[in-house]
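Q: Let me give you the structure first, and then I'll get to my questions.
The values are calculated or read from the model by the stated rules, or taken from the named source; none is laboratory data. Bear in mind that the values here come from a model prediction, so they are computed numbers and not experimental data. In this analysis, Cβ positions are derived from the backbone assuming ideal geometry, glycine residues included, and neighbour counts consider all displayed protein chains.
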Amino acid sequence: MTDVLFPTLSRERPDAEGVVATWFVTDGQVVTTGQLLAEVQVDKVAQEVAAPMSGVVHILTAEGDAAAQGSAIARVG
């Protein structure tokens, strides 16, 4: 299993939490390397997150829930 991490979007506030704005996949879905998984947001900065490898995605953080930057929001394996 490989963790999918919430990227650090706020270098001035690395301890700031963000939100998983949208999941583009569902829990248990088979994904391929580089496939877009989610869009995350910290303050007004948004970024898309891609699959680090091919496999089955296991979502750890629900859409709309807060997450710390650098924390695992999903796993692929």
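Q: Output the number of the condition that residue 54 fails; it satisfies all remaining conditions of (1) touching a residue at least 60 places away in the same chain (Cβ under 8 Å); (2) among the hydroxyl-bearing types (Ser, Thr, Tyr); (3) in contact with a Ser or Thr (Cβ under 6 Å, 6 or more places away or on another chain).
A: Answer for residue 54: the failing condition is (1).
Q: Whether any residue in segment 52-59 is closer than 27 Å to residue 15 by Cα and either at pLDDT below 95 or hydroxyl-bearing (Ser, Thr, Tyr) (or both) is what I want to check.
A: No, because not a single residue in segment 52-59 is closer than 27 Å to residue 15 by Cα and either at pLDDT below 95 or hydroxyl-bearing (Ser, Thr, Tyr) (or both).
Q: What is the one condition in (1) aliphatic (A, V, I, L, M); (2) outside any loop (DSSP other than H, G, I, E, B); (3) in contact with a Phe, Trp or Tyr (Cβ under 9 Å, 6 or more places away or on another chain); (4) surrounded by fewer than 18 Cβ atoms within 10 Å (Cβ to Cβ) that residue 46 does not satisfy?
A: All conditions pass for residue 46, except number (3).
Every residue, every condition in (1) assigned to a strand (DSSP E or B); (2) surrounded by 12 or more Cβ atoms within 10 Å (Cβ to Cβ), yes or no:
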{"site": "9", "(1), (2)": "no, yes"}
{"site": "13", "(1), (2)": "no, yes"}
{"site": "21", "(1), (2)": "yes, yes"}
{"site": "26", "(1), (2)": "no, no"}
{"site": "33", "(1), (2)": "no, no"}
{"site": "37", "(1), (2)": "yes, yes"}
{"site": "41", "(1), (2)": "yes, yes"}
{"site": "58", "(1), (2)": "yes, yes"}
{"site": "67", "(1), (2)": "yes, yes"}
